[in-house]
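Q: Here it is: the structure, laid out below.
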Amino acid sequence: MARIVMKFGGTSVADLDRIHNVARHVKREVDAGHEVAVVVSAMAGKTNELVGWVQNMPRVAGSNAPFYDAREYDAIVASGEQVTAGLLAVALQSIGVHARSWLGWQIPIRTDNSHGAARITEIDGSFLIKRFGEGQVAVIAGFQGLAPDNRITTLGRGGSDTSAVAIAAAVKADRCDIYTDVDGVYTTDPRIEPKARRLAKISFEEMLEMASLGAKVLQVRSVELAMVHKVRTFVRSSFDDPDAPGMGDLHNPPGTLICDEDEIVEQQVVTGIAYAKDEAQISLRRVADRPGVAAGIFGPLAEGNINVDMIVQNISEDGSRTDMTFTVPSGDVDKALAILDKVRETIGFDAVQHDDGMSKVSVIGIGMRSHAGVAATAFKALADKGINIRAITTSEIKISILIDGPYTELAVRTLHSVYGLDKH
Ligand code: ADP
Ligand code: ASP
Ligand code: MG
């Protein structure tokens, strides 16, 4: 007997038929004698609809900004998961599985009070372990938690993955299965590159980079938690027939295992390509070149909650003035420009330029630590396709390249092929 946490994403619970299909996946594990807790997302598209409602509230009198209240945002946006948790519990009961739905606050899944992007601070596993003891399948609403002041929080978009891994860690589950609409983690997004291949295993570090750099198959925080708590996490498909041979294999189910580097025998130099659209580039021209300038620019941006990503500073020619270029999410450009306007006098720069609609394409692989020339290969391949590189950042196991948005797909496919990722 094992203890398994099963998480089903939005497309897996998109309608009643899909929810009944999910119930069959759960029943398979229950019939095999395992203790099972289930985490669900809202139906596909539901959270977007709820977010849209919040964003389309009336304007504040005399201003362009809509009414906004972070706590009510969470109260509204968390509601989609309540519906699917209840529906799945009923679907399970209808096929003879003892099941009950639970919301975040009922467990409780405690978080900090960063509404809209809360972090889980504590889950006492004993509540769920008691349910296992009663032979009950707990169906838990993902994406939500409870702030210290007892208000509902949400964990950021894609947060049900994090709910599932955190619960798996809290109950010391043998496995956490993330069921989605693809049958594993691929060398790149299979929607962009049909030649992408499924990986049997990927290391925590590489998955962390893939997720941070745009591969939305897992929320970044869920990978961090899986890594810290050593949760055995599989990404697998809910669209596979629940009763096909091998689906119930305890140790080696179909899908991709996220695991320690040492578990991967044949390590490739490059493991995958990720991309993130909707990046914007901001350049400050002729910035004073003296100590404290970077802090003077990026401090206020950080205080404004703006996520600055790539930063490029030129070496100044005459030692007095330089150019500073950095990227922010497109949605944050106006806010960033307003902040920069305020600090312009104190910092001293000539002009601000900005360009929207950029993309960041990244090459990821642990093998890069010990192989030279990986970056040069990418630059040449992109040049051969006439793709202009606007900025570059690298770390031990990744290279990120900023390009014009319309070239995203071409760049992803080009890099995927130049590292031989489409070959078996
Ligand atoms: P869910 O609703 O189940 O949480 P998501 O839409 O959040 O599903 O994540 C699954 C999607 O992630 C896939 O449909 C796929 O298009 C996308 N994706 C991006 N990069 C990858 C990758 N490297 N491997 C697999 N899927 C990827
Ligand atoms: N329903 C939430 C979202 O769309 C959480 C999730 O699906 O993981 O972001
Ligand atoms: Mg998701």
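The values are calculated or read from the model by the stated rules, or taken from the named source; none is laboratory data. The model shown is predicted, which means the values in this text are computed figures rather than measured ones. Every residue, glycine as well, gets a Cβ built from its backbone with ideal geometry; the counts of neighbours run over all protein chains shown. Surface accessibility is based on the protein's heavy atoms, side chains included, excluding ligands, DNA and RNA. Shrake-Rupley method; radii C 1.70, N 1.55, O 1.52, S 1.80 Å.
Q: If you restrict to DSSP beta bridges whose two residues both lie in the chain, what percentage is antiparallel, to the nearest 5?
A: Bridges in the chain that DSSP calls antiparallel: roughly 60 percent.
Q: Name the long-range amide H neighbours of residue 203: under 5 Å, sequence gap of 5 or more, or other chain; modelled H, no Pro or chain starts.
A: Hits under the 5 Å cutoff: 259.
Q: Further, regarding this structure: With a cut-off of 8 Å between alpha carbons and a minimum separation of six or more residues, what is the relative contact order of the chain in percent? Could the numbers behind the result be given before it?
A: Numbers: 903 pairs, mean separation 58.9, N = 424.
The normalised contact order for the chain reaches 14 percent.
Q: Give, rounded to the nearest 20 debye, the magnitude of the charge dipole that the range 152-226 has about its Cα centre when Lys and Arg contribute +1 at Cβ and Asp and Glu contribute -1 at Cβ.
A: 80 debye
Q: What are the residues whose amide H is under 5 Å from the amide H of residue 272, where those residues sit 5 or more places off or on another chain and H is modelled from the backbone?
A: 364
Q: I've got another one for you. Defining a contact as two alpha carbons under 8 Å apart and six or more residues distant in sequence, what relative contact order in percent does the range 153-281 show?
A: The normalised contact order for the range 153-281 reaches 35 percent.
Q: Tell me the GluC sites (Glu not before Pro) within the range 280-375 that lie in a loop according to DSSP and have at most 15 other beta-carbon atoms within 10 Å.
A: Numbers: sites: 303, 317, 345; in loops: 317.
In loop regions of the range 280-375 (DSSP not H, G, I, E or B), the sparsely surrounded GluC sites (Glu not before Pro) are 317.
Q: Just tell me, in residue order, which DSSP H segments of the chain are both 18 angstrom or longer along the helix axis (alpha-carbon based) and at least -1.0 in mean Kyte-Doolittle hydropathy.
A: Once both thresholds are applied, what remains is 16-31, 79-94, 333-347.
Q: Follow-up question, since we're still on this one. With the contact rule set at Cα under 8 Å and sequence spacing of 6 or more, what percent relative contact order holds for the range 144-197?
A: 18 percent
Q: How do 85-93, 195-203 rank on mean C-beta neighbours within 10 Å, highest first?
A: Values: 85-93: 20.9, 195-203: 19.2.
Descending packing order for the listed peptides: 85-93, 195-203.
Q: Suppose every K and R has +1 on its Cβ and every D and E has -1 on its Cβ; what is the size of the dipole of the chain about the Cα centre, in Debye to the nearest 20?
A: Dipole size: approximately 320 debye.
Q: Would you work out what percent of the accessible area of the range 109-202, with all protein chains in place, is carbon or sulfur (probe 1.4 Å)?
A: Carbon with sulfur: 46 percent of the solvent-accessible area.
Q: For the range 1-42 and the range 298-364, compute the distance between their C-alpha centroids and round to whole Å.
A: Centre-to-centre distance over Cα atoms comes out at 45 Å.
Q: Based on alpha-carbon positions alone, could you give the equivalent ellipsoid semi-axes of the range 317-424 from the gyration tensor, as √(5λ), descending, whole Å? Could you put the intermediate results ahead of the total?
A: Numbers: eigenvalues 210, 55, 32 Å².
Taking √(5λ) for each eigenvalue gives 32, 17, 13 Å, largest first.
Q: May I pose another question? For the pair residue 267 and residue 90, how long in nm is the line joining their label points, each one 7 Å along Cα→Cβ?
A: 5.1 nm
Q: Under unit Cβ charges (Lys, Arg +1; Asp, Glu -1), what dipole magnitude, rounded to 20 debye, does the range 55-188 have relative to its Cα centre?
A: Its charge dipole is roughly 200 debye.
Q: Considering the Cα positions of the range 127-239, please state its Rg to one decimal place and its Dmax as a whole number of Å.
A: Rg, Dmax (Cα atoms, Å): 15.2, 49.
Q: Kindly state, as a whole number, the per residue volume in cubic angstrom of the convex hull around the alpha carbon atoms of the chain. Could the numbers behind the result be given before it?
A: Values: hull volume 68.7 nm³, N = 424.
Roughly 162 Å³ of hull volume per residue.
Q: Report Rg/Rh for the range 260-327, rounded to two decimals, where Rg is the Cα radius of gyration and Rh the Kirkwood radius.
A: Result for the range 260-327 is an Rg/Rh of 1.19.
Q: Additional query: Rounded to the nearest 500, what is the chain's calculated 222 nm mean residue ellipticity when only DSSP H runs of at least 4 contribute -39500 (n - 2.57) each, over all residues?
A: -10000 deg cm²/dmol
Q: Taking all protein chains in place and a 1.4 Å probe, what share, in percent, of the accessible surface of the range 216-257 do carbon and sulfur account for? List each step's numbers first, then the result.
A: On the way: 1140 of 2000 Å².
Using a 1.4 Å probe with all protein chains present, the range 216-257 comes out at 57 percent carbon and sulfur.
Q: Considering the options 125, 98, 148, tell which one lies farthest towards the positive end of the dipole of the range 74-151, charges being +1 on Lys and Arg and -1 on Asp and Glu at the Cβ, about the Cα centre.
A: Positive-most Cα among the choices belongs to 98.
Q: Would you mind working out the accessible area per residue for the chain, using a 1.4 Å probe, and quoting it in Å²?
A: 46 Å²
Q: Carbon and sulfur together cover what percent of the accessible area of the range 315-393 at a 1.4 Å probe radius?
A: 49 percent
Q: Right, another one. Hull surface divided by four, with the convex hull built on the Cα atoms of the range 231-363: how many nm²?
A: Hull-based average projected area comes out at 12.9 nm².
Q: In a solvent-free Debye calculation with one equal scatterer on each Cα, what is log10 I(q)/I(0) for the range 1-136 at q = 0.22 Å⁻¹, listed in the order of the q values?
A: One equal scatterer on each Cα of the range 1-136 leads to -1.36.
Q: I'd like the accessible area for residue 228: 1.4 Å probe, protein heavy atoms, all chains in place, Å² to the nearest 10.
A: Using a 1.4 Å probe on the heavy atoms, I get roughly 110 Å².
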